[in-house]
Amino acid sequence: MVVEEKSRVEAMEGNQQRMEVNILLMGAHNVGKTALTVRFLTRRFIGEYGDMESVYSRMERIHGQEICINIWDSQVGEKSCWVSEKQLQWADGMILVYDICDRGSFDAVRQQLQLVRRSRKPASCPVVIVANKRDLQHHRRVSGEEGRLLALTQGCCFFEVSAAETYHSVLLVFHRLVDLVRETRALRKSSAGVRGIVRSMSAVFGKKRAE
Ligand code: GDP
Ligand code: MG
C-alpha cells in the first residue's frame, strides 16, 4: 500500500484501526443532496438549505470500528451536472442522487455515472444510486424499476428514500456505502498481496533459470 494512503487510512488507535472514508454526493440541483447530508448528520429535516457547497466530517462506530466519514456535498448550477476531476479523485465512494419527480435529474445521474466511470473503476470506487423524495408518490416521474435497472447495469447499489420522512433509510445508505468502501479496500489489499507473492516467485524462478 502506498505510504500516503496508509497514513490516511490506518491511523492506529491502540490495536484498533481508525478508518477514514471520503463520500462525494452528486446529482442535479434541488434533488435533496443537502437534505440527505443534514439528515444523516443531525437526524433532522429542516426544509430549506441554501446553495452552499461544503465538506462535513463525522465520527461513526460501524460494526465496532471508529470511522471518520467526510462528506462532500457538491453543488451544481440549475442546468449543469459538471463534476471536477478533483472531486472524483478525492472520493472513496459516491452517492448519486435523483428526484423521483424529476426525470431530468435521473438523466443527470446517467451522465454523471459516465463521467465517474471514465476516471474511477467500480473496483476502486463504489457508487450508490439514491432515488429521493419517495414521499411525493403522486408526482412520480421515474419508476423504481428504472432506477433499479440503471443501478444493476452499472454495478451500483440502489435505494429509494425520503429525506423528508425517515432518518433510518438515509442512515442505511451511508452505512452501506461505507461497507462497500471497506470491501473494496480489503479486496485491493489482498490482490496487492497476491501480486507480491507472484513477483517474489518469479524473481526466485527467474534467477534459477538464469543460473
Ligand atoms: P440540493 O440542491 O440537491 O442540495 O437539494 P436540497 O437538499 O437543497 O433540497 C431541495 C428541495 O427539496 C428543498 O426544498 C428540500 O426541502 C426538498 N426536499 C429534499 N428532500 C426531500 C424529500 O425527501 N421529500 C420532499 N418532499 N422534499 C424534499
Ligand atoms: Mg445543496
Tyr56 is checked against (1) away from ligand 1 (no atom under 16 Å from the Cβ); (2) within 20 Å of Leu171 (Cβ to Cβ); (3) touching a Ser or Thr at 6+ places or on another chain (Cβ under 8 Å) and fails just one. What number does that condition carry? (1)
Out of the residues in segment 94-129 that are in contact with a helix residue (DSSP H, G or I) (Cβ under 6 Å, 6 or more places away or on another chain) and touching a residue at least 40 places away in the same chain (Cβ under 8 Å), state the one that is most open to solvent (accessible area, probe 1.4 Å). Cys101
The lone condition Ala186 fails out of (1) without any contact (Cβ under 8 Å) to a residue 12 or more places away in the chain; (2) of a type outside the set (Lys, Arg); (3) in contact with an Asp or Glu (Cβ under 9 Å, 6 or more places away or on another chain) is (3)
Considering every residue within segment 149-160, establish whether at least one is surrounded by 14 or more Cβ atoms within 10 Å (Cβ to Cβ) and within 16 Å of ligand 2 (Cβ to nearest atom). no
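Consider Asp92 carefully, then state whether it is modelled with pLDDT of 95 or more, within 16 Å of ligand 1 (Cβ to nearest atom), acidic (Asp, Glu) and closer than 20 Å to Val170 by Cβ. Talk me through it step by step, then tell me what you get.
Details: modelled with pLDDT of 95 or more: yes; within 16 Å of ligand 1 (Cβ to nearest atom): no; acidic (Asp, Glu): yes; closer than 20 Å to Val170 by Cβ: yes.
Against the criterion (modelled with pLDDT of 95 or more, within 16 Å of ligand 1 (Cβ to nearest atom), acidic (Asp, Glu) and closer than 20 Å to Val170 by Cβ), Asp92 does not qualify.
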State yes or no: is Val31 within 16 Å of ligand 2 (Cβ to nearest atom) and at pLDDT 90 or above? yes
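Each row is one residue, and each column tells you yes or no for (1) at pLDDT below 90; (2) of a type in the set (S, T, N, Q).
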position: Ala35; (1), (2): no, no
position: Arg43; (1), (2): no, no
position: Arg61; (1), (2): no, no
position: Ser74; (1), (2): no, yes
position: Trp82; (1), (2): yes, no
position: Leu88; (1), (2): no, no
position: Arg103; (1), (2): no, no
position: Ala108; (1), (2): no, no
position: Leu113; (1), (2): no, no
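Just to be sure, is Glu85 within 15 Å of ligand 2 (Cβ to nearest atom), among the charged types (D, E, K, R) and open to solvent by 10 Å² or more (accessible area, probe 1.4 Å)?
On the way: within 15 Å of ligand 2 (Cβ to nearest atom): no; among the charged types (D, E, K, R): yes; open to solvent by 10 Å² or more (accessible area, probe 1.4 Å): yes.
Judged against the criteria, Glu85 is not a match.
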From Gly64, Gly50, Gly32, which residue is within 26 Å of Arg141 (Cα to Cα), of a type in the set (Gly, Ala, Ser) and either free of Cβ contacts under 8 Å to residues at least 40 places away in the same chain or exposed (fewer than 14 other Cβ atoms within 10 Å of the Cβ) (or both)? Gly50
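The values are calculated or read from the model by the stated rules, or taken from the named source; none is laboratory data. None of the values given here were measured: they were computed from a predicted structure. Ideal geometry is used to build each Cβ from the backbone, glycine not excepted, and the neighbour counts take in all protein chains shown. What goes into the accessible areas is simple: the full protein's heavy atoms, side chains included, and nothing from ligands, DNA or RNA. Shrake-Rupley method; radii C 1.70, N 1.55, O 1.52, S 1.80 Å.
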